[in-house]
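Notes follow the structure.
The values are calculated or read from the model by the stated rules, or taken from the named source; none is laboratory data. For clarity, every value in this text was computed on a predicted model and none was experimentally measured. Cβ placement follows ideal geometry from the backbone for every residue including glycine, while neighbour counts extend to all protein chains displayed. Only protein heavy atoms, including side chains, enter the accessible area calculation; ligands, DNA and RNA are left aside. Shrake-Rupley method; radii C 1.70, N 1.55, O 1.52, S 1.80 Å.
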Amino acid sequence: MDVLQTDSPVFYETRWENWTYNSSNISKSDCTNDYCVSDEDYIAMIEDYIFPSTYEWVLISLHLTVFIVGLVGNALVCVSVYRNHSMRTVTNYFIVNLAVADFLVILICLPPTVLWDVTKTWFFGSITCKLVLYLQNVSVGVSVLTLTFISVDRWYAICHPLSFKSTASRAKTSILLIWLISGLIGLPEAIVLDTMRTLPVETTYLTDCTHTWSETSTRVYQLFLILILYVAPFTLMAFTYYQITRVLWNKNIPGASETNHHLSRKCGNKIAGRTGAVRTTSSNCEGQIRSRRKASKMLMAVVVMFSLCYLPVHLINVLRYTVGLPQTPATTVASLISHWLCYANSAVNPVIYNIMNGKFRKEFKNTFTCQCLRKDKRPCVTGASYLCKYTSTVSHCDKRMRELANFS
């Protein structure tokens, strides 16, 4: 998807108002450029044009912040779920998949594209042009489809608990399907992307990474992507989370509806399986519902943040490919900010998890604490205290502690 592609550069006369044409040195017929100056002077003009302005240095600083926070945060998400077996749930598998996609796009795509945005030049050749933008497009597809699969999974689990049983194996199959679909969706654009020089002199400056097919094909393809990777998925997610909200925030919980009856039965079955006696209590069911409410709030926050971060760039693309958005300094700045918002979204999810999910917050803290203890050469078993606190029996806790000790 053309979500991070910089507009073609336009030379504004105000940038070079001090440059003048000297007719005594160069005749009009000998001009090799629009300014009728020597190639050396023309390249100097270009270098002056692409050198970052004040607001672009601010933009670079913002990208650097996103780069650091995004890499650290998404790595912590993956490490937390890997080290704590109690966090290996179906939803968390999808969250890890989302974190992997965000990690890759920040690590591989952010550095070259921010340089491209600021200098209006693609310095990295044709193959890298295809690979970087392809991975970027795949990451967007993976993020959208992962959020969609999460919403559908939660919808079945909460609104229709007996109609579908979510399992880890099904989640892993869904993740493979997500990457396959995203890879196929981004493939046409990767085939037609190539570098193109736009200057009459021999230089890499202002080389663009752009489509080689017709403008009509680009317009149709981009509008198609906006429809299937933004409008349709978020329409579906709005419906599923609306239904989830109606069920979880029902004032007559538990037992006021068929769904709550299923939740009550599920609570009772879990308690019966653990204690050997059929003891369904209202407090236990309400505790499970409160837990699901918190999880749903967190997931809805992730969806809302994604939709808000990608709304500006999609809006700009719609205007560009429908009514022909003119390129001005104002629209250029708007494009750069919208591009940054897309990358910022890849860094904000771990922050949301840390704020709204106690398990992730505890694991993030344990990871940092563990690293500090290792520097002091003291033993560290991440997640052990958490497991002891939340497991039902002392023997199970002791067994888990021994497993962790043997593993370390």
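Going 7 Å from the Cα of Tyr242 in the Cα-to-Cβ direction, what parts of segment 118-151 have a backbone nitrogen less than 20 Å from that spot?
Counting only backbone N, you get 147-151.
Can you bin every Cα-Cα distance in segment 64-135 into 10 Å intervals starting at zero and give me the percent of pairs per bin, rounded to whole numbers?
19, 39, 26, 13, 3
7 Å from Cα along Cα→Cβ at both His85 and Trp249: what's the point-to-point distance in nm?
My value for the distance between the label points is 3.8 nm.
Go through segment 314-325 residue by residue and turn each phi into a ³J(HN,Hα) via Karplus (6.51, -1.76, 1.60, θ = phi - 60°); whole Hz please, and just put x for glycine and proline.
Coupling constants for segment 314-325: 5, 5, 4, 5, 4, 5, 5, 9, 10, 9, x, 4 Hz.
Give Lys120/Lys359; Lys297/Lys365; Lys165/Lys359; Lys130/Lys172 a once-over and call out the pairs whose C-alpha atoms are over 32 Å from each other. Don't jump to the answer; show the numbers that get you there.
Values: Lys120/Lys359 43 Å; Lys297/Lys365 22 Å; Lys165/Lys359 24 Å; Lys130/Lys172 28 Å.
Pairs exceeding the cut-off: Lys120/Lys359.
At 7 Å along Cα-to-Cβ for each site, give me the label-to-label distance between Val304 and Phe224 in nm.
3.4
Could you tell me how many cubic angstrom of Cα convex hull volume segment 50-170 has per residue?
Values: hull volume 15.0 nm³, N = 121.
Convex hull of Cα atoms, per residue: 124 Å³.
If you take the square roots of the eigenvalues of the alpha-carbon gyration tensor of segment 183-235 and sort them as a ≥ b ≥ c, do you get rounded (a/c under 1.5), prolate (a/b over b/c) or oblate? Display every interim value, and only then the final one.
On the way: a/c = 2.89, a/b = 2.77, b/c = 1.04.
Taking the square roots of the gyration eigenvalues as a ≥ b ≥ c, segment 183-235 is prolate.
For Phe123 and Cys78, calculate 0.36 nm times their separation in residues minus their Cα-Cα distance, and state this gained length in nm to one decimal. Don't skip to the answer; put the middle values down first.
Values: separation 45, 0.36 × 45 = 16.20 nm, distance 3.24 nm.
Using 0.36 nm per residue and subtracting the Cα-Cα distance, I get 13.0 nm.
Please compute the length gained on full extension between Ser169 and Ala330, using 0.36 nm multiplied by the number of residues separating them and subtracting their Cα-Cα distance.
Numbers: separation 161, 0.36 × 161 = 57.96 nm, distance 4.92 nm.
Taking 0.36 nm per residue and subtracting the Cα distance, the gain is 53.0 nm.
Starting from the Cα gyration tensor of segment 110-231, take the square roots of the eigenvalues, sort them a ≥ b ≥ c, and report rounded, prolate or oblate (rounded when a/c is under 1.5, otherwise prolate if a/b is larger than b/c, else oblate).
On the way: a/c = 3.36, a/b = 2.67, b/c = 1.26.
Because a/c hits 1.5 or more and a/b exceeds b/c, segment 110-231 counts as prolate.
Using a cut-off of under 19 Å, list every residue of segment 129-145 whose amide N is near the label point 7 Å from the Cα of Ile181 along the Cα-to-beta-carbon line.
In segment 129-145, the label zone of Ile181 (backbone N under 19 Å from the point 7 Å along Cα→Cβ) covers 135-145.
Report the full-extension gain for the segment Lys294 to Leu311: residue separation times 0.36 nm, less the Cα-Cα distance, to one decimal in nm.
Values: separation 17, 0.36 × 17 = 6.12 nm, distance 2.57 nm.
Net length gain for the segment: 3.5 nm.
Using R₀ = 35 Å, calculate the FRET efficiency as 1/(1 + (r/R₀)^6) where r is the Cβ-Cβ separation of Thr216 and Tyr35; round to 0.05. Before the final figure, lay out the partial values.
Details: r = 33 Å, r/R0 = 0.95.
Working from the Cβ atoms, E equals 0.60.
For segment 126-222, give the percent of accessible area contributed by carbon and sulfur heavy atoms, probe 1.4 Å, rounded to a whole number. Intermediate values should be presented prior to the final figure.
On the way: 2940 of 4520 Å².
Looking at segment 126-222 in its full context, I get 65 percent from C and S.
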